[in-house]
Amino acid sequence: MTAVTGRQAPPGPPRAETALEGVLERITYANEDTGYTIARVAAERSGPDLLTVVGPLLGAQVGESLRLVGRWGSHPRYGRQFEVHSYTTVLPATIQGIRRYLGSGLIRGIGPAMAERMVDHFGVDILDVIEHEPARLVEVHGLGPKRTKRITDAWQEQKAIKEVMVFLAGVGVSTSLAVRVYKQYADASIAVVTKEPYRLAADVWGIGFRTADTIAQAVGIPHDSPERIKAGLQYTLSQAADDGHCYLPQPNLVADAAKILEVDRDLVGPCLDDLVAAEGVVREPVPAGQDGETLPAVYLVPFHRAERSLARGLRDLLDSPAERLPSFAEVDWDRALAWLRTRTGQDLAPEQREAVQLALTRRVAVLTGGPGCGKSFTVRSVVELARARRATVVLAAPTGRAAKRLAELTGHEASTVHRLLQLQPGGEAKYDRDNPLDADLVVVDEASMLDVVLANKLVKAVPQGAHLLLVGDVDQLPSVGAGEVLRDLLAADTVPRVRLTRIFRQAQQSGIVVNAHRINSGRQPLLTGFDDVFWFTCEPDEESGLHPGEETARLVVDIVARRIPARFGLHPVRDVQVLTPMHRGPAGAGSLNALLQEALTPHREGRPERRYGSRVFRIGDKVTQLRNNYDKGAAGVFNGTVGTVTGLSPEDQTLTVVTDEDEQVDYDFAELDELAHAYAVTVHRSQGSEYPAVVVPVTTSSWMMLQRNLLYTGVTRARRLLVLVGSRRALAQAVRTPGSGRRHTALTHRLRQER
């Protein structure tokens, strides 16, 4: 097997170096961004004791035999350690080393027990047999032709991947990406990387423009080449889309791209013109103010198509001559609502009555309002009346948790939007204009989460004459994806809407509801006097030497792991969710996940676990999906899906997750960069979900993210219990800071235009 060169440390002053050979036994820390790793190695020279090695080891796997180049040093706290400058993997030569290597899970199909039998049969020749005489593996008890082929294929794939690793490491790219590059391009991997490096950013998930640009410069593509500038323009637009924008005004795009690329703006304009001519992007004028002025807006093609198609689809529904709920056109509403009262035991408030009538008489309607204002009861009323007239009702929500809640509320089956549309590999939906849903009424809850692409797929699937009711809280954070569909619909005078504003009496007893409305109106929350809201002040003094967020993080872990379960009987993993303003920082999701995992699912000898980059996955972990993957599960697994790790097989190199939708999904070890721990998630990733208990750290370390709609969204995710932890100064900052400005979208303009 080819030796693999690891990532090189940054150049420094000359130093005396030596070599150390050993087996990588355990990784105790790994930083995915820098590659810096702390690991424990078994070396012959150290006897039974493990040696500590530190340095750029990202990509090395537990069980591999390594040749480390570096120097010995001493840490004031941790003592003697080997500081790695570079490393190569080598095949082990001893019986013990080979047994450990084969049994480590590096080769699919070989676990510890099988490795033992293979080594017992072939001795030190086993690796040579796998390489040159794989047919002889059937001599080992338990290895038939099928399993032998599987092992042989895995061995050859590992060899090929190692060759790609060597090349990528030579141009400064983390070896952990080599598997994805190889799976995308196979034998063409090195040719693509050498000749078309910017393809990687579009084709390989996990490789963005920055990484592709690093490779391009290493293989000699000029800094000011048109190819690089065009790729940089598309990257700038994709970054804008990640921030929620459907387009960028051309002046903003040119300025941002020039800054990212570190080139003169005069070079960017002609390359943008070339991209437009080649239909790589779309440029068109959009309104720039109230006086009829326009500005050139530049879109990535998918967002331009989705925005135009969504506007046209909504107008087609509104103006359709067909009607699938004709009986409500001339209904006796007093009589209908009296019957409804006998079913539900409650009267509708005037606003709710208006919303019910609108949903059943207009083919598109929007219902919005804050917590405690009766959105849920209004939706239940709409569904009850529609089903009483034998209408076919379809219920959906963007997340599994929201769909479950909608089903419980209405007593009617509900699904996620993705499952409703049955998205196929590649992202196309089974249901669309040519094959619409069988529905008279489609109700979508948590519609503030709908981005422009998903909303377009949904509207295309609604049959002509059917009614579409979109329900959501427009004051929450907008969708994670591009667009702000709910806000744009409410801004368009062409779309019927009702906003519920009255807080019902029973909801006024809830501190969660009361404080959500106070925050939304810019008033400080009431932190005492309620049995469902708790505040813990955590402001370490300067003499403690702690970062402002470190003590808060420790307290959050104690609250989740010990205090809430002890007082309220809630399960710390299943029932409690930590929501943070941001991912980074001492009280961010990244740090909290590490601390919470250590408290709730710690390392235990003899129990399987798998490290990928800086993360370690264990059975019992709460995890979340980081991207849409249409090839997984029955109908895809989508960004934000949450589940629990229920199985981990080193032999099969698979990790099993059961999602919140009760679906079992298997991940190859090479796919684990699609997963992150979810004991703590950002408020943005919590949209559309409710949890029995929510814990929110509010610290000055997340100052730039402390905004009213973010705090409001976090608070409204709590169903039974809300715990706020941190600094009163930070809390005050969040309440008084309005949300960030509007996104660059043109849906409202297009809806008016379609008129």
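The values are calculated or read from the model by the stated rules, or taken from the named source; none is laboratory data. These figures come from a predicted structure and were not determined experimentally. Neighbour counts are summed over all protein chains in view; Cβ atoms, including those assigned to glycine, are modelled from backbone coordinates with ideal geometry. Accessible surface areas use protein heavy atoms only, side chains included; no ligands, DNA or RNA. Shrake-Rupley method; radii C 1.70, N 1.55, O 1.52, S 1.80 Å.
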With no solvent and one equal point scatterer per Cα, compute the Debye intensity ratio I(q)/I(0) for segment 390-545 at 0.15 Å⁻¹ and report its log10, rounded to two decimals.
-0.92
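Give me the number: length gained by fully extending ASP319 to GLU44, i.e. 0.36 nm times residue separation minus the C-alpha to C-alpha distance, one decimal in nm.
Taking 0.36 nm per residue and subtracting the Cα distance, the gain is 91.1 nm.
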For TYR247, other-chain or 5+-apart residues with amide H closer than 5 Å (H placed, Pro excluded) are HIS744
Along its principal axes, what span do the Cα atoms of the chain show, with the longest given first and each in whole Å?
88, 64, 60
Can you give me the C-alpha center-to-center distance between segment 330-376 and segment 702-755, rounded to a whole angstrom?
28 Å
Could you tell me what fraction of 2.2 N^0.38 Å the Cα radius of gyration of segment 191-243 comes to, as a two-decimal ratio?
1.06
Pseudo-spin-label distance THR501 to ALA191, built 7 Å along Cα→Cβ, given in nm, is 6.7 nm
Report, to one decimal in Å, the Kirkwood hydrodynamic radius for segment 208-354 based on all distinct Cα pairs.
19.5 Å
For segment 65-126 (alpha-carbon point model, no solvent) the Debye-based log₁₀ I(q)/I(0) at q = 0.16, 0.18, 0.23, 0.27 Å⁻¹ works out to -0.64, -0.71, -0.86, -1.03
Amide H proximity to GLN577 below 5 Å, modelled H, separation 5+ or other chain, gives ALA693, VAL694, VAL695
More than 19 Å apart: what percent of Cα pairs in segment 654-734 qualify?
49 percent
Which distance in nm do the two modelled labels at ARG265 and ALA160 give, with both placed 7 Å along the Cα-to-Cβ direction?
4.8 nm
Taking the Cα centre as origin and putting +1 on Lys and Arg beta-carbons and -1 on Asp and Glu beta-carbons, what dipole magnitude results for segment 202-282, to the nearest 20 debye?
120 debye
Provide the descending list of Cα extents for segment 611-755 along its principal axes, expressed in whole angstroms.
54, 49, 30
For the peptides 116-126, 297-307, what is the packing order when you average, over each peptide's residues, the other Cβ atoms within 10 Å and list the highest mean first?
297-307, 116-126
Whole-number value, in Å³ per residue, for the convex hull of the alpha carbons of segment 546-701 is 119 Å³
Rounded to a whole number, what is D in µm²/s for segment 217-302 from Stokes-Einstein with the Kirkwood radius over alpha-carbon pairs (37 °C, 0.692 mPa s)?
246 µm²/s
Calculate log10 I(q)/I(0) of segment 111-214 for q = 0.23 Å⁻¹, where I(q) comes from the Debye formula with a single equal point scatterer on each Cα and nothing for solvent.
-1.07
How long are the semi-axes of the equivalent ellipsoid of segment 283-422, taking √(5λ) for every eigenvalue λ of the Cα gyration tensor, in whole Å from largest down?
34, 19, 16
Residue-normalised value, i.e. accessible area per residue, for the chain at 1.4 Å probe, in Å², stands at 44 Å²
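Between THR294 and VAL276, what length in nm is gained on full extension when 0.36 nm per residue of separation is reduced by their alpha carbon distance?
4.6 nm is the gain from fully extending THR294 to VAL276.
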How would you order 211-224, 241-254 from highest to lowest mean count of nearby Cβ atoms within 10 Å?
241-254, 211-224
Output for segment 381-436 (equivalent-ellipsoid semi-axes, sqrt of 5λ from the C-alpha gyration tensor, Å, descending) is 24, 16, 6
Arrange the residues ILE207, ILE619 by how much accessible surface each exposes, largest first, with a 1.4 angstrom probe.
ILE619, ILE207
Could you give the length gained on full extension between MET704 and ARG77, defined as 0.36 nm per residue of separation minus the Cα-Cα distance, in nm?
222.3 nm
Distance in nm between pseudo-label sites at ILE95 and GLU413 (7 Å out along the Cβ direction from Cα):
6.1 nm
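To the nearest 20 Debye, how big is the dipole of segment 621-755 about its Cα centre, given +1 on the beta carbon of each Lys and Arg and -1 on that of each Asp and Glu?
In debye, rounded to 20, segment 621-755 gives about 1700.
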Mind checking the dipole of segment 448-496: about its Cα centre, +1 per Lys or Arg Cβ, -1 per Asp or Glu Cβ, Debye to the nearest 20?
260 debye
Whole-percent carbon and sulfur share, accessible surface of the chain, 1.4 Å:
47 percent
